[in-house]
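Some notes on the structure that comes next.
The values are calculated or read from the model by the stated rules, or taken from the named source; none is laboratory data. Nothing here was measured: the structure is a model prediction, and the numbers come from that model. Cβ placement follows ideal geometry from the backbone for every residue including glycine, while neighbour counts extend to all protein chains displayed.
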Amino acid sequence: MKIAIVKLSAMGDIIHAMLSLQFIKKSIANVQIDWFVEEAFAKVLEFNPHIDNIYKLNLKSIKKDKKNLFSQVALLKEYSKNDYDLVIDAQGLIKSAIVTKYLGKKRVGFDKNSTREGTASFFYTDKISSLYERNVIERNIDVICKALDIEVTKEDILDKEAFLYFENESREIYSYLRSEKKNILFVIGASWPSKMYSKEKFAKIINNLNENCLIAWGSEEEKKIADEISLNSSAIVLPKLDLNDLKAVVKNCELVIGNDTGPTHMAWALNIPSITIFGCTPGTRNTYLTDINKIIESDSIVNPLKLNRDDFSICDVKEEGIISLAEGILYEGRY
């Protein structure tokens, strides 16, 4: 059986969908799983033994140059020759639905009431109902595993195998890790400014914990914030990491603390303790709580169907609450 999964972006969304792969491989013998993804996020999928082929697209380039539409369509026409038995759109956007349409005759995706771009459902031959407000990990299980008649329970999710992989990572990253202290990774960036926690409060948390605190960053703007946090704390700013090296760093930390963004979600995927900070996005929807993966939220009432990018309430989250959670995870076995 040949299956194509379409989940183009972003990093956190891709990670949430990847969980399904281990359940497919356990349930269906001799299954081939190919994944279609935006080129910028392909490395998060690399080295996963449950993925047979990763196909990179660059649909975002079309916004910059309309001529790129022709090269992307040509790619999809070539990939359509792969003769898939089933194509699953786990994204639920019009652009991902169009990709799905090119790839195969039997196509599964969310129904029109289960995604923000309900028109996408017209491209599918089979539709899955899953409330948009539902936890994103469970929604991905719904659209991917239900399409294959695979039942996955909450206990299955909690007992998951780690599912991010890395190889040939830079040996330099290990020079930043310490055996005599707890290694804590701080993820200070996010896709929106309103999803980013206060740099002053990050510095206070780092100084209170007094461990080997490392800061990851992904853009020059984030690098400036990281440098400022480091100037006001004992934190060390890591060099710019690709996704392969970032996975390796997360795997070797005792705790990850960060905003609602892809690198923070890596910790959950690798079964590493984490604290995710939420303000304008819904915490219990965007993460899966476990004994070691915790969240802390602002007092905002968040509507998943209509997120408010002008809601900066994340900055109201008290650093004392984050410190308490971290100490409970690191020292007291409280959770």
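Matching residues to (1) on the phi > 0 side of the Ramachandran plot; (2) surrounded by fewer than 17 Cβ atoms within 10 Å (Cβ to Cβ):
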{"position": "6", "(1), (2)": "no, no"}
{"position": "23", "(1), (2)": "no, no"}
{"position": "30", "(1), (2)": "yes, yes"}
{"position": "34", "(1), (2)": "no, no"}
{"position": "44", "(1), (2)": "no, no"}
{"position": "47", "(1), (2)": "yes, yes"}
{"position": "50", "(1), (2)": "no, no"}
{"position": "74", "(1), (2)": "no, yes"}
{"position": "78", "(1), (2)": "no, yes"}
Surrounded by 18 or more Cβ atoms within 10 Å (Cβ to Cβ), touching a helix residue (DSSP H, G or I) at 6+ places or on another chain (Cβ under 7 Å) and closer than 24 Å to residue 157 by Cβ, is that true of residue 264?
no
Scan the strands (runs of 3 or more DSSP E) fully inside the stretch 116-226 and keep the ones with 3 or more residues being at pLDDT 95 or above and either under 26 Å from residue 297 (Cα atoms) or touching an Asp or Glu at 6+ places or on another chain (Cβ under 9 Å) (or both).
183-187, 212-216
How about the stretch 22-113: which helices (runs of 4 or more DSSP H) wholly inside it have at least 1 residues that are more than 30 Å from residue 131 (Cβ to Cβ) and under 24 Å from the mean Cα position of the chain (by Cα)?
61-64
